[in-house]
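The structure under discussion is supplied below as structure tokens; questions concerning it will follow.
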């Protein structure tokens with residue numbers, strides 16, 4: 001009997017799950033919970049964004065310039081499904097009709113409005129008075145104006161002709177400013193409205209070989225900054241969204257190493273740019289919260305903006321070094 005007791009005492013019982021290492025057990029239990037909670041958070045976030053996009057623009061008159069761009073189409077789709085009274089602007093009537101047909105065919109006509117179309121080309125400033133009248137005649141009033149148009153050029157300043165300078169200023173400054181001033185009387189009389197400018201980070205940060213583009217973006221940024229203070233007393237909101245660049249597809253976001261330069265990181269994001277749906281989410285949040293200014297960029301470009309203000313000599317030195325580096329690569 002004694003021998004049996006000794007033998008029994010030497011037998012090792014297998015550890016149960018709850019008797020294992022507490023740290024390991026906690027990890028096993030927490031990981032699935034974290035995954036589920038994270039997935040739930042993102043689902044709830046998307047649900048709320050979708051809900052806000054519907055409640056914030058339902059029955060409101062919304063004008064989108066350059067509705068044929070990637071961002072323009074994304075905004076048009078979200079706002080159309082949200083029940084907005086859309087006025088879509090673009091340079092091609094045929095493509096505008098195609099976009100309107102696509103929106104109508106993929107939506108419930110009982111809860112949406114057929115988009116109204118207006119030809120708009122900021123490069124043709126003489127047509128702007130007629131365009132403004134046509135926009136205002138669509139519904140007789142305007143709640144939201146999203147100015148999304150932009151024209152770019154990349155070249156040394158001395159190689160850009162005066163004609164190109166004027167064309168960029170028309171598209172990026174005079175056109176948006178003229179359109180905003182044209183719709184303001186209606187907003188002021190109703191004491192409500194929201195002007196939203198989708199601009200570039202180069203409205204705050206000048207990058208070499210983009211002198212005219214940066215100048216036009218600085219100009220339009222200053223115009224809307226001044227306008228914001230002037231119209232606040234009428235209940236009108238003015239917002240600017242400065243992004244690195246709007247990406248269109250994964251293939252267009254691919255950058256080769258040979259194209260990288262010292263300053264290239266100042267205006268790229270991840271470095272894949274901002275997708276149309278990301279920018280649209282920011283636009284929705286900006287409209288809902290009436291945020292005055294939003295910068296969509298990684299940390300380095302944001303730091304460069306502050307460096308330009310507080311350490312200008314350092315910033316200028318980095319920009320000059322980037323130009324020299326590019327020149328050396330071009331020679332080799």
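Every number in this text was worked out from the coordinates using simple rules, so none of it is lab data. Note that this is a predicted model, so its numbers are computed, not measured. We place every Cβ from the backbone using ideal geometry, glycine too, and count neighbours over all the protein chains shown.
Say each of residue 165 and residue 133 gets a label point 7 Å from the Cα, pointing the same way as Cα to Cβ; how far apart are those two points in nm?
With each label placed 7 Å out from Cα toward Cβ, I get 3.4 nm.
Packing-wise, with mean Cβ within 10 Å as the measure, how do 286-292, 70-76, 229-235 rank, highest first?
Peptide ranking by packing, descending: 70-76, 286-292, 229-235.
Ranked from highest to lowest mean number of other Cβ atoms within 10 Å per residue, what is the order of the peptides 63-69, 185-191?
Ranked from most to least packed, the peptides come out as 63-69, 185-191.
Another question, then. So what's segment 56-174 giving for Rg/Rh, alpha carbon basis, Kirkwood Rh from the mean inverse pair distance?
Taking Rh as the inverse mean 1/r over Cα pairs, Rg/Rh reads 1.04.
Which value in nm describes the separation of the simple spin-label points at residue 288 and residue 154, placed 7 Å from the Cα toward the beta carbon?
3.5 nm
Pop the C-beta distance of residue 226 and residue 302 into the FRET formula with R0 = 25 Å and round what comes out to the nearest 0.05.
Calculated transfer efficiency: 0.60.
Taking a quarter of the surface of the convex hull around the Cα atoms of segment 57-331, what do you get in nm²?
For segment 57-331, averaging the hull's shadow over all directions gives 15.4 nm².
What does the extension gain come out to for residue 92 and residue 188, with contour length at 0.36 nm per residue minus their alpha carbon separation? Could you put the intermediate results ahead of the total?
Values: separation 96, 0.36 × 96 = 34.56 nm, distance 3.11 nm.
That pair, residue 92 and residue 188, stretches by 31.5 nm at full extension.
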